[in-house]
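Below is one structure, written out as structure tokens; comments come after it.
The values are calculated or read from the model by the stated rules, or taken from the named source; none is laboratory data. On a predicted model such as this, the values are computed, not experimentally measured, just so you know. Glycine also receives a Cβ, built like all others from the backbone with ideal geometry; neighbour counts cover every protein chain displayed. Calculation scope for accessible area: heavy atoms of the full protein, side chains included, ligands and nucleic acids excluded. Shrake-Rupley method; radii C 1.70, N 1.55, O 1.52, S 1.80 Å.
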Amino acid sequence: MTEHIDPLERHTDYGEIALEEGSLLSDPIAQFRVWLQEADDEGIYEPNAMVVSTIDPDGTPTIRTVLLRGVSDEGFAFYTDYTSQKGVALAANPQLAAVFPWYSLHRQVKIRGVAEKVSEEDSDAYFSTRPRDSRIGAWASDQSQPIDSRAALEEKVQKMEESFAGVDDVPRPEKWGGFLIRPRSIEFWAGRRSRLHDRVRFVRHESGWSPERLQP
Ligand SMILES: Cc1cc2nc3c(=O)[nH]c(=O)nc-3n(C[C@H](O)[C@H](O)[C@H](O)COP(=O)(O)O)c2cc1C
């Protein structure tokens, strides 16, 4: 039998703030921006961190954290190595899910959608804002590939530093860039008493977004 874990033997009752359909903005992306700002205002560490799940070509799921680097009416952008495990997964199957876990606010936002590469111009523009060391790192690291040791990685970085010596503006490697998550649904979750949490999911239709309440 599975042992149940409740390390502090506590059952915290979550918030008092109701999530009424009518109190949410009708545009879930605008609503997301409000919650993201509130998460930042409340001092959440890395409020733009989201856990993204993808499906590998063999059909198995995998997840990891990435940082949200852009929100627009089109969707949610993050940047990565296209040859990484997630990059390879998304090339074969662009469906993904993501969650922003703002535990101390008793909130989460769950997104389901389809990823596509952002334009090269957008990737260049974002890459150019990154510090030189991060840019060199993007060249040096074959993300998600095994390597013998930390020393071997640092040697690769050293070699890249040498090859970019004298180059002020380290260019973006082609394998590095952004994904835009085009959302099909966005769910706002707010913790409530007795586990009777509020969940409002917006589903995208041809004509726009429609909200529906889900049972907790
Ligand atoms: C807080 C946090 C933020 C991260 N942000 C990114 C990111 O924006 N892009 C990225 O490629 N990896 C980021 N990572 C590392 C990823 O979680 C992951 O290790 C890496 O992308 C390789 O994932 P993959 O092997 O599943 O492709 C972040 C990790 C943490 C903990």
In region 100-151, which residue that is among the small types (Gly, Ala, Ser) and within 25 Å of Ile29 (Cβ to Cβ) is modelled with the lowest pLDDT? Ser104
How about region 25-63: which of its residues are without any contact (Cβ under 8 Å) to a residue 60 or more places away in the chain, assigned to a loop (DSSP other than H, G, I, E, B) and among the hydrophobic types (A, V, I, L, M, F, W, C)? Leu25
Name the single residue that is nearest to the ligand (Cβ to nearest atom) among those in region 83-94 being outside any helix (DSSP H, G or I) and out of contact with any strand residue (DSSP E or B) (no Cβ under 6 Å at 6 or more places or on another chain). Ser84
Within 11 Å of the ligand (Cβ to nearest atom), of a type outside the set (Asp, Glu) and open to solvent by 70 Å² or more (accessible area, probe 1.4 Å), is that true of Thr65? yes
Please determine whether any residue of region 117-131 is more than 13 Å from the ligand (Cβ to nearest atom), within 29 Å of Trp35 (Cα to Cα), under 17 Å from the mean Cα position of the chain (by Cα) and among the basic types (Lys, Arg). yes
Would you mind telling me which numbered condition in (1) under 17 Å from Ile29 (Cβ atoms); (2) without any contact (Cβ under 8 Å) to a residue 60 or more places away in the chain; (3) away from the ligand (no atom under 16 Å from the Cβ); (4) not aromatic (Phe, Trp, Tyr) Glu161 fails? (1)
Might you check whether a residue that is at pLDDT 95 or above, among the charged types (D, E, K, R) and loosely packed, with under 11 Cβ neighbours inside 10 Å occurs anywhere in region 186-193? no
Could you please give the count of residues in region 40-56 that are more than 10 Å from the ligand (Cβ to nearest atom) and over 15 Å from Lys110 (Cα atoms)? 6
Kindly provide the set of residues from region 29-43 that are closer than 16 Å to Ser185 by Cα and open to solvent by 60 Å² or more (accessible area, probe 1.4 Å), ordered by number. Arg33
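Confirm whether Gln108 is in a strand (DSSP E or B) and not β-branched (Val, Ile, Thr).
Yes.
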Filtering region 139-160 down to residues that are in a helix (DSSP H, G or I) and within 17 Å of Trp176 (Cβ to Cβ), which residue is least open to solvent (accessible area, probe 1.4 Å)? Ala140
So Ala165, is it part of a loop (DSSP other than H, G, I, E, B), farther than 30 Å from Arg107 by Cβ and outside the structural domain of Ala30 (by TED's automatic domain parsing): yes
